[in-house]
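The structure under discussion appears below in the form of structure tokens.
The values are calculated or read from the model by the stated rules, or taken from the named source; none is laboratory data. Computed from a predicted model, the values in this text were never measured in an experiment. Cβ placement follows ideal geometry from the backbone for every residue including glycine, while neighbour counts extend to all protein chains displayed.
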Amino acid sequence: MKRFFLALTFLTLWGCTILKPSPPLPHSSLPIPSSFEFTLSVSPLDVQKLNKWWRLFNDPELNDLIEDNLLRNPSLREGFARIIASRAMMKSEKNRLFPKLQGEASFSEKKVDHFEESLYEVRFDAYWEADFLVKKNPLLKAKEAEVQIEEENLRDSLVSLIGEVVKNYIQLRTLQAKFKLIDERLEDCEKEHEKLISYRYNAGLIDLKELERAKQMLQSLHDQRESLQKEIKSIKNSLCVLLGKPPQSLEEKLETFKPIPLPPMEVMLTTPLEVIKLRPDLRRAQEEILKEESYLRAKRLERLPTVKLLSAITLGSLTLGDLLYSPKLTLQIGASLSKVFFDGSSLKWEIEAQKAKFQEALTRYEGTFLHALKEIQEALFMIEANSKKLELIQESLTSAENILKLEKSLYESGLIDKLTLIEAKKNLYELQMELLEKKGELATSFVSLYKALGGGLGLLEEKDGRKNEP
């Protein structure tokens, strides 16, 4: 027995030598910039604000939509179910380390010539594949990593889903603002058209060209209005589905027109390396590396012997009565040490395949990290571009308003024709529409940034009953 345990000690120490240390993460060898390129105002990243970044838009209705309804989304509920399943599998793997107990009752009858013999037995077996060589540890770590992967998948889905809800909400408010502007423009054009027909055209003060121009403009506005109505209904239904509700169930709640929400222009930002701690997809990629590395370690440890401890207690008798009151007791105890010496290089190639999977996980992490930096930088560029474009449009709009005032004065003085005044009004209307469009694009740029930074995990913290520390 002493030799048996000495052999176990030697094999355990040898098993530790066949495991190699973990390689560094791929991003450590990349030329990573120390900061992102951005010329506008920046504030240090506040993780608590980032976790509920939609509140920066200061829109109570948007807050209600996300905080009261989002966790009903079917995709998120699927994610919660996958986490529960993954945790159960991890616990199952851990419980494999415990001994297995089994009971069996049997009866047999043997007859030779005129002699009959009955045998009654009750047997209890204990079986334990003892993990003296820690062969199971890597498998347990792999299962733990799989749980973490599912949790990060859920977080990643939540980040994307919040981004989609806010983008759809901004698009809805943009379309509603356009719809309101078109209604105002239609009312003005219909009045102008009535004046053209009733007074000026019938009096011969304007020609057919001006009349047809007014008709075309009126028809174009009606077409735009109808198109916007369809888009607004479609966006509302998209929001319903994202929030786990039937289509049209938010019709009444979203019916009231509200301004396009915009966050503070001061951008929350961090360094490229800090992004690793924030984004769920990067944390998931890290866990995938850990999982594949653990499976690789487990494969290498399969070279070690397997240790089994066995014991059995058997109660037997020739009659059922004796089995209950005076059975014959048999006790069996044993141990075994087994190892595969030849398998046709099957294990060798399984290890090579797992090495390739491990390398694949390392490469995937590098790609995910680079993609994350690209997403953030592109969002910053869009914020800059849309901010500058918005300023230019606002300046043009001010000029167009001044020009229209002048054109009205000239028209009333009879110095210009009606067509020139209509053109000035059309130019102002187009700039107003462009301003609304650009406001929506700027707001969406902020959504892309905070989504790229991995923001929005505050909802899960609330669900788990955890509070952010001040």
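Here's a check for you: in the stretch 423-461, which residue that is touching a Leu at 6+ places or on another chain (Cβ under 9 Å) and charged (D, E, K, R) is surrounded by the fewest Cβ atoms within 10 Å (Cβ to Cβ)? Looking at residues that are touching a Leu at 6+ places or on another chain (Cβ under 9 Å) and charged (D, E, K, R), I get GLU434. When LEU65, LEU71, LEU56, LEU76 are checked against the criterion of being under 30 Å from LEU273 (Cβ atoms), assigned to a helix (DSSP H, G or I) and under 19 Å from the mean Cα position of the chain (by Cα), a single residue qualifies: LEU76.
All told, LEU250 meets the bar of being part of a loop (DSSP other than H, G, I, E, B), in contact with a Cys (Cβ under 8 Å, 6 or more places away or on another chain) and surrounded by 18 or more Cβ atoms within 10 Å (Cβ to Cβ). Apart from one condition, ALA88 fits all of (1) closer than 29 Å to MET268 by Cβ; (2) modelled with pLDDT of 90 or more; (3) out of contact with any strand residue (DSSP E or B) (no Cβ under 8 Å at 6 or more places or on another chain); the exception is (1). Return yes when SER34 is modelled with pLDDT of 85 or more, under 31 Å from the mean Cα position of the chain (by Cα) and not in a helix (DSSP H, G or I) and no when it is not. When the stated conditions are applied, SER34 does not pass them. Return the residues of the stretch 43-61 that are touching a Phe, Trp or Tyr at 6+ places or on another chain (Cβ under 9 Å) and under 16 Å from LEU453 (Cα atoms); say none if nothing qualifies. Answer for the stretch 43-61, where residues must be touching a Phe, Trp or Tyr at 6+ places or on another chain (Cβ under 9 Å) and under 16 Å from LEU453 (Cα atoms): LEU50, TRP53, TRP54, LEU56.
Of all strands (runs of 3 or more DSSP E) completely enclosed by the stretch 256-375, which ones contain at least 3 residues that are within 30 Å of LEU119 (Cβ to Cβ) and touching a helix residue (DSSP H, G or I) at 6+ places or on another chain (Cβ under 9 Å)? Steps first, answer last, please.
On the way: elements: 267-269, 306-317, 328-338.
Counting at least 3 such residues, we get 306-317.
Specify which of the listed residues (LYS408, LYS418, LYS389, LYS426) is at pLDDT 95 or above and either farther than 30 Å from PHE36 by Cα or not hydrophobic (A, V, I, L, M, F, W, C) (or both). Working first, answer last.
Details: LYS408 fails: at pLDDT 95 or above; LYS418 fails: at pLDDT 95 or above; LYS426 fails: at pLDDT 95 or above.
Every option except LYS389 fails the conditions.
Out of curiosity, is LYS110 at pLDDT below 90 and over 30 Å from LYS236 (Cα atoms)? So LYS110 fits the description; yes.
Please go through the stretch 412-465 and pick out each residue that is assigned to a helix (DSSP H, G or I), over 22 Å from GLN224 (Cβ atoms), among the charged types (D, E, K, R) and within 44 Å of the chain's Cα centre (by Cα). Matches in the stretch 412-465: LYS451, GLU461, GLU462, LYS463.
Please work out which residue is nearest to the chain's Cα centre (by Cα), limiting yourself to the stretch 356-393 and to residues that are of a type in the set (A, V, I, L, M), under 30 Å from GLN432 (Cβ atoms) and exposed (fewer than 15 other Cβ atoms within 10 Å of the Cβ).
Taking the stretch 356-393 first, the residues of a type in the set (A, V, I, L, M) are 356, 361-362, 370, 372-373, 376, 379-380, 382-383, 385, 390, 392-393.
Subset that is under 30 Å from GLN432 (Cβ atoms): 379-380, 382-383, 385, 390, 392-393.
Among the residues that remain, those that are also exposed (fewer than 15 other Cβ atoms within 10 Å of the Cβ) are: 385, 392.
Working: ALA385: 27, LEU392: 36 Å.
For the stretch 356-393, the residue satisfying everything is ALA385.
Can you confirm whether the stretch 285-300 contains a residue that is among the β-branched types (Val, Ile, Thr), under 26 Å from the mean Cα position of the chain (by Cα) and under 27 Å from GLY440 (Cα atoms)? Checked the stretch 285-300: no residue is among the β-branched types (Val, Ile, Thr), under 26 Å from the mean Cα position of the chain (by Cα) and under 27 Å from GLY440 (Cα atoms).
Could you say which residue among SER317, SER409, SER396 is surrounded by 14 or more Cβ atoms within 10 Å (Cβ to Cβ), closer than 30 Å to GLU434 by Cα and either touching an Asp or Glu at 6+ places or on another chain (Cβ under 6 Å) or not aliphatic (A, V, I, L, M) (or both)? Can you show your working first?
Values: SER317 fails: closer than 30 Å to GLU434 by Cα; SER409 fails: surrounded by 14 or more Cβ atoms within 10 Å (Cβ to Cβ).
Unique residue meeting the criteria: SER396.
Looking only at the stretch 337-374, count every residue that is among the aliphatic types (A, V, I, L, M), within 26 Å of LEU301 (Cα to Cα) and touching a Phe, Trp or Tyr at 6+ places or on another chain (Cβ under 9 Å) and tell me the total. Residues flagged as among the aliphatic types (A, V, I, L, M), within 26 Å of LEU301 (Cα to Cα) and touching a Phe, Trp or Tyr at 6+ places or on another chain (Cβ under 9 Å) within the stretch 337-374 amount to 1.
Which one is farthest from LEU71 (Cα to Cα) among residues in the stretch 102-124 that are surrounded by 11 or more Cβ atoms within 10 Å (Cβ to Cβ) and touching a residue at least 24 places away in the same chain (Cβ under 8 Å)? Selected residue: SER118. Is it the case that the stretch 123-138 has a residue that's within 33 Å of the chain's Cα centre (by Cα) and assigned to a helix (DSSP H, G or I)? Looking for residues that are within 33 Å of the chain's Cα centre (by Cα) and assigned to a helix (DSSP H, G or I), one finds at least one in the stretch 123-138, hence yes. Scanning the stretch 314-322 finds one or more residues that are farther than 20 Å from GLU144 by Cβ, polar (S, T, N, Q) and touching a Leu at 6+ places or on another chain (Cβ under 6 Å).
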